[in-house]
1. If I build a Gaussian network model for the chain, linking alpha-carbon pairs within less than 10 angstrom, which residue out of 322, 240, 110 has the largest mean-square fluctuation?
2. Which whole-number percent is the relative contact order of segment 166-295 (Cα, under 8 Å, 6+ apart)?
3. So who's got an amide H within less than 5 Å of the one on residue 26, skipping anything under 5 residues away but keeping other chains? H placed 1.01 Å off N, in plane.
4. Where the eigenvalues come from the Cα gyration tensor of the chain, what are the semi-axes √(5λ) of the equivalent ellipsoid, largest first, in whole Å?
5. How would you order 99-108, 298-307 from highest to lowest mean count of nearby Cβ atoms within 10 Å?
6. Is the C-alpha gyration tensor of segment 138-251 telling us rounded, prolate or oblate? Criteria: a/c under 1.5 is rounded; beyond that, a/b larger than b/c is prolate, otherwise oblate.
7. Can you tell me the length gained on complete extension of the stretch residue 221 to residue 69, counting 0.36 nm per residue apart and subtracting the Cα distance?
8. For the chain, which whole percent of the accessible surface, found with a 1.4 angstrom probe, sits on carbon and sulfur atoms?
Amino acid sequence: MKAVYTAAHLGHDVTLETYLGKAIPANEVGERAERIRAALEADGGFDIVAPTAHGLDPILAVHDKGLVDFLEVAWAELRRQQLPRSFLVADTYPNPRMFEGMSDEALRRLREPSAVGGRAGWWGLDTANPLVQGTYRAARGAVDVALTTVDFVLGGQQVAYGLCRPPGHHAARAMYGGYCFLNNAAIAAEAITKSTGQPVAVLDVDYHHGNGTQQIFWRRSDVLYVSLHADPDRQYPFFLGRADETGEGPGRGANLNIPLPAGTTDEDYLAALDRGIGAISKTGGSIIVVSLGFDTYGQDPIGDFALTTAVYHEMGRRVTALGRRLVILQEGGYYRPALGENARAFLRGAEGRPHDPVPAAGFTSQGTVG
């Protein structure tokens, strides 16, 4: 299996995030991707390759140019405005209730502030998404990883894996958030529909609902979005991800949310997965984009499911049994000691290889298995 990876992700070097107003150690750190890369290298069955550059056009096919422009200059603006911060997050966001009673004409006159803190609020979703000097380059690298993975599958590979970091499924057309800056899976899905003329399914098995992917394809009939995730009544992103959100206009019925309770077991999850796969089987297209997250794991620090490593292999096997080609892109997963083996299990299942679990390996700061 081709596994696409770039060290550019290491430029998104964050150490802190804010949670409910408190600075805490960052969860979405470079060690995540390095542990997965090391496990795949040690397996011996993966061909780890660098991405090719794809430029801005595929990104702008999905994202607002204003968002992309801001992400590109945000760090330079922070420095130009002489704000002594090690990372950028906003402290003020445009809550819709701020604008209640205003006419459509008045709303159209609203504009992006010039202060970088205001701009971060204009384009951002939350305070847990720090932007640093290397963030934009890392996000562009993650998109190139996703699109190179698409290239392999369009070129004849049955399955390929993109080790994307930063992740992407919380990034909407004109918004970044939830550790995500550009929506790798949505950009990949759009590229597939343009290249093939066929519909495509996005299967999101991250612990959190992919609000960004849902928003981007909300009114599209050619992209089916299926998401298994924690119920937003109790978990981020809180405001989207409910079962009654099914799409509108041409996209009506092309959005399937399957919210799950705390303590979801392997058996519970596989039953929900079968429901999602069943929905995909009723649609056209020959390719599935998988948004793959391991924050569903039982020991994940920000999740509350009870999944084991063994179930990821079975998940991969069931998805590939549908007979469609797979573009598998990494999203979340924050219990670092198990990330490598969880990824290896899913990918071996998707490729039709046995799980063959290995003992937990050591990991050095240089990213090698000891």
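The values are calculated or read from the model by the stated rules, or taken from the named source; none is laboratory data. Remember, it's a predicted structure, so these values are computed and weren't measured experimentally. In this analysis, Cβ positions are derived from the backbone assuming ideal geometry, glycine residues included, and neighbour counts consider all displayed protein chains. Only protein heavy atoms, including side chains, enter the accessible area calculation; ligands, DNA and RNA are left aside. Shrake-Rupley method; radii C 1.70, N 1.55, O 1.52, S 1.80 Å.
1. Looking only at 322, 240, 110, the biggest GNM fluctuation is shown by 110.
2. Once divided by the residue count of segment 166-295, the mean separation gives 27 percent.
3. 16, 17
4. Over the Cα atoms of the chain, the semi-axes work out to 30, 24, 20 Å.
5. Order by mean packing, descending: 298-307, 99-108.
6. Cα axes put segment 138-251 in the oblate bin.
7. Full extension from residue 221 to residue 69 adds 51.8 nm.
8. It is 53 percent, rounded to a whole number.
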